[in-house]
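The values are calculated or read from the model by the stated rules, or taken from the named source; none is laboratory data. All values reported here derive from a predicted model rather than from experimental measurement. Quick reminder, even Gly has a Cβ in these numbers, built from the backbone with ideal geometry, and neighbours come from all protein chains shown.
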Amino acid sequence: MLLRIVPDNTHIKFMWLRKVSFPLSILLVIASLAGFFLVGLNYGIDFKGGTIIEIKTDGPADIGAIRSELSSLNLGDVQVQEFGEPDDILIRVEEQPGGELAQQSVVSRVRTIFEGQNVDFRRVEVVGPRVSGELAQAGAIAVAAALLAILFYIWFRFEWQFAVGAILTTANDVVITVGLFVLLQLDFSLSSIAAVLTIIGYSLNDTVVVYDRIRENLRKYKKRPLTEVLDLSINETLSRTTMTSLTTLLALVALYVFGGEVIQSFTLAMIFGIVIGTYSSIFLAAPFLILFNLRADAMDPKDDGEKDSDSKATA
Amino acid sequence: MLYFARWKIALIVLVVAAGILTTLPNFFSAKQLESWPDFLPKNQMVLGLDLQGGAYLLYEVDKQDYIQKRMKALVSDIRTTLREEPRIGYTGLGVQGEAAQVRIRDLTRLADAEERLQPLVNPLVSNLFGGQPVNEFEMTASDDGLIRFSYTEQGLEDRMAAIVQQSIEVIRRRVDEIGTTEPNIQRQGTDRILVEAPGENDPERLKDLVGQTAQLTFHMVDTSMSGEQALQNRPPAGTVVMMSVDDPPFPYLLEETPLLSGEDLVDAQVTFDQRTNEPVVNFRFNQSGARKFAQITQQNVNRPFAIVLDDEVISAPVIREPITGGSGQISGNFTVEGANDLAVLLRAGALPAKLTVIEERSIGPGLGADSIEAGKLASIIGGALVIVFMILAYGRFGIIADIALMANVFLIFGALTVLQATLTLPGIAGIVLTIGMAVDANVLIFERIREEARAGRSAVSAIDAGYSRALGTILDANITTLIAAVILFQLGSGPVRGFAVTLAIGIFTTVFSAFTFSRLLVALWVRRRRPSKLPI
């Protein structure tokens, strides 16, 4: 017998659940925004400037000793942590006052304390104040531009209610994922932006599949009330939604466990984003359409006869 | 949907075969590939710095430093011009902020001075579109006799472009000389230079080589007082104190204007001093340089002169006898590598302006190798989990989806290899994500087939309807992801770009393998078995 995650004749009244899912999402979004503005993200050097040095020591490293030696260098805030293995150490040094040149001296000064020891400098990353500002800007623009471009695409393919619904759903996912970054104080770097954009892509992918079915069913069952059509559509796509989430999660969990320390926060964000994305495409995306008064006959070309181009686009 | 013309079948099989064939070289070492026949593809994937190890350095031209230097030169030009007969009296000549200025004493001669200084604004030749001629500097004169020169926007932009261009050439010459890696050196924006050296395992040395201005100058040492004295008091006019490279540094009092500079050098080589057996750098001047050098050494026998690199004194030997052969020697407690690097710098020439590192990322080869291993392991385990899961969920159709998935992975790697796109660590994550999402298209189709079958369709008709109805959804879903990938590529840099590339390639290969290729497999199966009931 083949595995069925969702039994064949599932009929869950999802639309009714919006009474739970809407307040829950609003709560999470507010909490995330509050965290973002009050606590703030743990920005990595990509956006804050500074230095990261990863070293491999001969045998387990004495973190305490390294920490106290580093603090004698007067480099401001210095963090030393184990990175995956006891002989793998990650050193973060905050951005130094005094412009671009000041950052460069950090590496050479840190090198001096390991002189004579068998230490392998596995990774050195230095981002100066100018670049970090630009990267932050580019990252913000990337997220905004992606949302906007997708908004237009969906608007072009569907009715405006769908476009707004898709953007709200996606924005919900993005904000809550950012909330996770705040909560766990994960390093927010360039690859986190990549993770956020992937979540946008994935969440929309999910939402679009649901919307596609809604559009189809709205044409098929013109007489049925909207709530019923929406419920039917979600139930019909539920099996696919969960299957795809599961396979994607399987791959991502493998990456999280075996993919190495460097991309772990990247994968963690994606795993979380996919869970949230799945949740939102089931519990938020469709109910939004009720909120915006999508009429059951919105798909009927006769109704907007004067707007010929519109009906062609949606037909 | 289930009928395929022969040529279509051939084409689909050909695409998959091409994917496998172009991926294959990645499994072999470069040495093994040499023995392959010529008609087989031999290109291997390009690994990003994070996987291969290497250095990424972003430099910016130090604008302020350059403007200061240029203005100083302008000041000396103004001085010479105003001193030409008949002299024009002036005062307060110097650099003020980002401008050079001078005050003409006799206001009746202001117009005269303006006319004389006018050529110094230095018209730019690059004015392609006619229109108003553009100058490097803007000259303004006020009624009280003050004349100011400052950069025009266009002038500064032009200068920066020229400096970046020139610097790139110098850096290329330098890096080519050490010859260990094949770096990518390119201009970024208006005043930045990116140096990427994959596989470079000594980024510190690369940085030393690339970032040094390497301006070599020769100065006479002023013996009227010692360096320490000059440091404590004020150095006499026309002289300057420079520190030596020794540890601790030692101050020298030097004449400010250099006698000669590195521009007159034609060659520099490392040799060993016959007496001390220490490495030294032998240099040779061009004709005019040799003549000047001969003249200077003749006039200054038994006086010390200093060899200065970027405002640091390397050595200050005493001239024992006139040197007329046009060659000389720099000795200064070098290591062999240090002497070698200096020779390289001198041969490649000085940078036209100071460069500052504004972003640096270097990854050791060990970390890169570890990342590749981790990525491989994660991909294999992730892939295996998905494969097993699909068989559990869809049985025979799951196997078809799995074959399509493997074809997909080959196509991604093949495309990456053919396009010579860079594979980065986030790129590997992109591939793993694609593996997870690739089956989405198949899931969409199979779920649709199940539905159609439940609605009472026959097996073949349900399959047909499943594929055709799922297509629109598959396209919509993938186009939205593609939009995100394209924007990522446009706005991202380095590793993020690598991620965007694999994501975008993955979308195309996914639509092909999960929709077209799997449909062919299903069609072939249907044609052979003629099923009346669906095994799904």
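For the range A:106-131, the set of residues classified as surrounded by fewer than 20 Cβ atoms within 10 Å (Cβ to Cβ), within 35 Å of the chain's Cα centre (by Cα) and either under 21 Å from B:ASP50 (Cα atoms) or not basic (Lys, Arg) (or both) consists of A:ASP120, A:PRO129, listed by residue number. Condition check for A:GLU236 on (1) facing another protein chain (nearest Cβ under 10 Å); (2) crowded, with 24+ Cβ neighbours inside 10 Å: one failure, at (2).
Would you mind stating whether B:ARG519 is surrounded by fewer than 23 Cβ atoms within 10 Å (Cβ to Cβ), charged (D, E, K, R) and out of contact with any strand residue (DSSP E or B) (no Cβ under 7 Å at 6 or more places or on another chain)? In short, no. Out of (1) surrounded by 24 or more Cβ atoms within 10 Å (Cβ to Cβ); (2) among the aliphatic types (A, V, I, L, M); (3) under 38 Å from the mean Cα position of the chain (by Cα); (4) at pLDDT 90 or above, the odd one out for B:ILE505 is which? For B:ILE505, the exception is condition (1). Here A:PRO129 meets each of (1) within 7 Å of chain B (Cβ to nearest Cβ); (2) in contact (Cβ under 8 Å) with a residue 40 or more places away in the chain with one exception, condition (1).
If you go through the range B:433-477 and pick out every residue that is of a type in the set (Asp, Glu) and more than 8 Å from chain A (Cβ to nearest Cβ), you end up with 2.
Scanning the range B:369-387 for residues that are more than 9 Å from every other protein chain (Cβ to nearest Cβ) and either farther than 23 Å from A:TYR256 by Cβ or of a type in the set (Val, Ile, Thr) (or both) yields a count of 2. On inspection, B:THR502 does not qualify as at the interface with chain A (Cβ under 8 Å from one of its Cβ atoms) and of a type in the set (S, T, N, Q). Might you check whether a residue that is closer than 30 Å to A:GLN81 by Cα and facing chain B (nearest Cβ under 9 Å) occurs anywhere in the range A:272-283? Yes; the residues of the range A:272-283 include at least one that is closer than 30 Å to A:GLN81 by Cα and facing chain B (nearest Cβ under 9 Å). Checking each residue in the range B:445-470 for being within 47 Å of the chain's Cα centre (by Cα) and modelled with pLDDT under 90 picks out only B:ALA470. So in the range B:254-304, with the set limited to residues that are over 14 Å from B:GLN329 (Cα atoms) and under 32 Å from the mean Cα position of the chain (by Cα), which one is surrounded by the most Cβ atoms within 10 Å (Cβ to Cβ)? In this case the residue turns out to be B:ASP264. For the range A:174-191, indicate whether the set of residues that are at pLDDT 85 or above, over 18 Å from A:MET270 (Cβ atoms), assigned to a helix (DSSP H, G or I) and within 12 Å of chain B (Cβ to nearest Cβ) is non-empty. Checked the range A:174-191: no residue is at pLDDT 85 or above, over 18 Å from A:MET270 (Cβ atoms), assigned to a helix (DSSP H, G or I) and within 12 Å of chain B (Cβ to nearest Cβ).
Would you confirm, using the coordinates I've provided, whether A:VAL196 is farther than 30 Å from B:ASP370 by Cα, within 12 Å of another protein chain (Cβ to nearest Cβ), out of contact with any Pro (no Cβ under 6 Å at 6 or more places or on another chain) and at pLDDT below 90?
Criteria not met by A:VAL196.
Of everything listed in (1) of a type in the set (A, V, I, L, M, F, W, C); (2) out of contact with any Phe, Trp or Tyr (no Cβ under 9 Å at 6 or more places or on another chain); (3) over 30 Å from B:PHE517 (Cβ atoms), the single unmet condition for B:LEU33 is (3). Selection of the range A:249-263 for residues being more than 7 Å from chain B (Cβ to nearest Cβ) and touching a residue at least 40 places away in the same chain (Cβ under 8 Å) yields only A:GLU261. If only residues of the range A:57-72 that are closer than 18 Å to A:GLY116 by Cβ and under 35 Å from the mean Cα position of the chain (by Cα) are counted, the one that is modelled with the lowest pLDDT is A:ALA61. Among the candidates A:GLY165, A:GLY259, the residue that is more than 19 Å from A:LEU28 (Cβ to Cβ) and crowded, with 24+ Cβ neighbours inside 10 Å is uniquely A:GLY259.
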